[in-house]
């Protein structure tokens, strides 16, 4: 008998025709010959997509209901054509309403993303990332040929923007596996306090920074004390939440010396939203909230002078594709720990994000802030 899961029901043809019209605007065909075309494995996928939006599309991919030979190219085309914004079921609206009404990033909830994402396994991240385990956008400066070189270029760019000097005390909010802390301590002779809400990150960061003037703490940023000459936060602000933006910058101001500098490195949306994509929220970054540049500016009013804004979001596309390549190469030794559905989930995550940055829907900003303004003006170092 014909498998029930593959039986075509009358309404499924209608959903397919609707999908054909929508995807055609992005130059994507259903079961077409191109690498970016949508290949159907289960005809129920269209009904699921229109009923649940991105959550249904992502879960259907995880379940093997559809494929694309180049998933990143599929997402690039769909997002560039704004097709993704045409499918807004009630589930999506409910997700954003929840984020608007509730503070999803309270101190109690902040630890959830650490357990759900960053504690997935150091083996996974060691295999996917560069040798320093930097889980944020690399800087593909001229001469950077590999992921390792591009991440070193990014770390050095941050240190130069902050004008680090030996003996300075630096706070790293969201220190990850200690990559920046170790680099800054070794190359620039500074003392670093790094904080994370991931137990697995803290354990490995302490190991990797052993013997250096680096203090790794398992701590929420709201509970920090002390004074610092410089503050850096790389890839953490996306977990703060719009309801906490102001409080976050107030904490930074309280901790920073009056003549200090604060560098914020964050993904940003092209428009001011609240909450995040429902699929990303459920499977990758619980309670995530990508800010806009406008939201950052509003949250810093009367607290900081915005000295410099540098956008190199296009570099995130290349970074994500390098991570994908590393992940796929490492899969034979990872699959004993993770199942095939996880592999498809992780591939969907990396490729959908790469497509968003390639379409320039998402940006990557480095923002340099000072409490009172740099006397005579801030001069950005060569970038």
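At-a-glance table
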item: Options 378, 365: the member that is more than 16 Å from residue 135 (Cβ to Cβ), outside the structural domain of residue 244 (by TED's automatic domain parsing) and in contact with a strand residue (DSSP E or B) (Cβ under 6 Å, 6 or more places away or on another chain); result: 378
item: Residue that is farthest from residue 365 (Cα to Cα), among those in the stretch 116-150 that are in a helix (DSSP H, G or I) and within 16 Å of the chain's Cα centre (by Cα); result: 116
item: Qualifying position, being buried (at least 16 other Cβ atoms within 10 Å of the Cβ), within 16 Å of the chain's Cα centre (by Cα) and assigned by TED's automatic domain parsing to the domain that holds residue 116, among 304, 342, 327, 357; result: 357
item: Complete set of residues in the stretch 252-273 that are in contact with a helix residue (DSSP H, G or I) (Cβ under 6 Å, 6 or more places away or on another chain) and surrounded by fewer than 20 Cβ atoms within 10 Å (Cβ to Cβ); result: 272
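The values are calculated or read from the model by the stated rules, or taken from the named source; none is laboratory data. Please read all numbers here as calculations on a predicted model, not as lab measurements. Cβ atoms come from the backbone with ideal geometry, glycine included; neighbour counts cover every protein chain shown.
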